[in-house]
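This report refers to the structure that appears directly beneath it.
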Amino acid sequence: GQYTNTEGSESCALCPPGTFSNKVNARACQKCPRNQYSSKEGAIWCRPCPDTAYTWGEGTADFKDCIGPVIEVCSGEDMTGTCYRYYDDTLHIKMFIRSLTVIRGVFELYDETNHRGKYATVEEGDGAVNIANLDIGVVESFSPVLRNFFCYLDQGWEFRGSVRSQSKSGKPCINWNRTPLKHKAKPNRFCQNPNAGNYPSAKPFCYVSETKREECDLPACIWDMDCYTGKGIHYRGKVNKGDNGWYCQNWNSHWPNIHHYHSPEYNWAGVGDHSYCRNPDTEDEDKPWCYLEDYWFLSWFIRYDSCAIPRCNRSKFNFYKF
């Protein structure tokens, strides 16, 4: 946790917050790696942020700068009694919760353990919520929603997180109501991608003046892009073949398979003018799938197929990609 910047000196200085040193006679302190932090002087190592959080770079000096979901739960109503904060999935809450507040992000609350049963959604800005006022009545487990709040899927058209209000170059964003996209964007200063036809962008961005825009350094989601969660309804990846290796049919096409999933009522599943695997049929399918285009002469017998997309798990997939 110490260093000396003078060769042969017997005096050492403590490494400042955001850095560490684990070497004898170190000439300099090292910055904490991305997704780690050190809040005290003289650290010999850096603490990791929660699995669901990240930092904007190296040298983070405070836990509050770990960007990720935060929820506080209390044993009494109106945030009274014994309270605890959580930053990740909780499969079984070992206390009776009567109230909670989401400090950052969005959480799904379940009335059974292991994220099962009925659920309700609560997000930052909702303030203190008494469980008795929710339809589920009791909370036994909960899970944060990361997609489109802490990372963006696809090109970020549905991103609505409040985690970044400056561009990649560090310039502050101006309010969207002062920009050419004021009729499409939400009136705030956070990075978005309103997807206006004349302003295409591959990721969320913001305006740093009334006429100049810059991209933001938000991470892309890995979960629901490189792998799928649940039944795959949020999957927005680019796999376009079935398990059998045949190419997928464009969702907006009726050839060679006639179907109804091109209607606007299935926009929630991410179908559209593309041939990527999706799951707009959660009643009958448990993972992303597609109608088959290749071998059309056989497609009357094999109309669709599930896709070779792995299920997301923490041992194989990180949450974020910068």
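Calculated from the structure at hand, percent of Cα pairs over 26 Å apart is found among (i) 43; (ii) 60; (iii) 54 as (ii). Ranking THR229, HIS254, PRO219 by how far each Cα lies toward the positive end of the dipole of segment 201-322 (charges on Cβ) leaves PRO219 at the top.
For the chain, the Cβ-based charge dipole about the Cα centre amounts to some 1100 debye (Lys, Arg positive; Asp, Glu negative; other atoms uncharged).
Where both bridge residues fall in segment 31-148, DSSP classifies roughly 95% of the beta bridges as antiparallel. Note that the chain presents 54 Å² accessible area per residue, ligands and nucleic acids not counted, probe 1.4 Å.
The amide H of TYR228, built 1.01 Å from its N in the peptide plane, has ARG311, CYS312 as neighbours under 5 Å, considering only residues 5 or more places off or on other chains. Under 1.5 on a/c is rounded, so check that first for segment 129-287, then, if it is not, pick prolate when a/b is larger than b/c and oblate when it is not; a ≥ b ≥ c are the square roots of the alpha carbon gyration tensor eigenvalues. Oblate, because a/c is 1.5 or more while a/b does not exceed b/c. Rolling a 1.4 Å probe over the protein heavy atoms of the chain, with every protein chain left in place, gives an accessible area that is 47 percent carbon and sulfur.
Just flag the trypsin sites (Lys or Arg not before Pro) in segment 238-294 sitting in loop per DSSP whose Cβ has no more than 13 other Cβ atoms within 10 Å.
LYS238
Sites listed here are GluC sites (Glu not before Pro) in segment 6-75 whose DSSP assignment is loop and whose Cβ has at most 11 other Cβ atoms within 10 Å: GLU7, GLU10. Return the loop-located GluC sites (Glu not before Pro) in segment 210-266 (DSSP other than H, G, I, E, B) with at most 14 other Cβ atoms within 10 Å of their own Cβ; answer none if there are none. Here the sparse-neighbourhood loop sites are GLU210. One decimal place: the segment GLU112-ALA28 gains 25.1 nm when fully extended, by the rule 0.36 nm per residue minus the C-alpha distance. By the Cβ-Cβ criterion of under 4.7 Å, the unpaired cysteines of the chain are CYS12. Here the peptides 305-315, 139-149, 223-233 are ranked by packing, the mean other Cβ count within 10 Å, and the order with the highest first is 139-149, 223-233, 305-315. 3J(HN,Hα) along segment 43-51: 6, 9, 7, 10, 8, x, 5, x, 3 Hz, from the Karplus curve 6.51 cos²θ - 1.76 cosθ + 1.60 with θ = phi - 60°, whole Hz, x for Gly and Pro. Working note: Karplus 6.51/-1.76/1.60 with θ = phi - 60° gives segment 184-192 the couplings 10, 8, 6, x, 8, 9, 8, 4, 9 Hz, where Gly and Pro are set to x.
Two-decimal Rg/Rh of segment 62-182 from alpha-carbon positions, Kirkwood Rh?
1.04
The values are calculated or read from the model by the stated rules, or taken from the named source; none is laboratory data. Keep in mind the model is a prediction, meaning the values are calculated, not measured. Positions of Cβ are backbone-derived with ideal geometry, glycine not excepted, and every protein chain shown enters the neighbour counts. Surface areas here come from the heavy atoms of the whole protein model, side chains and all, with no ligands, DNA or RNA. Shrake-Rupley method; radii C 1.70, N 1.55, O 1.52, S 1.80 Å.
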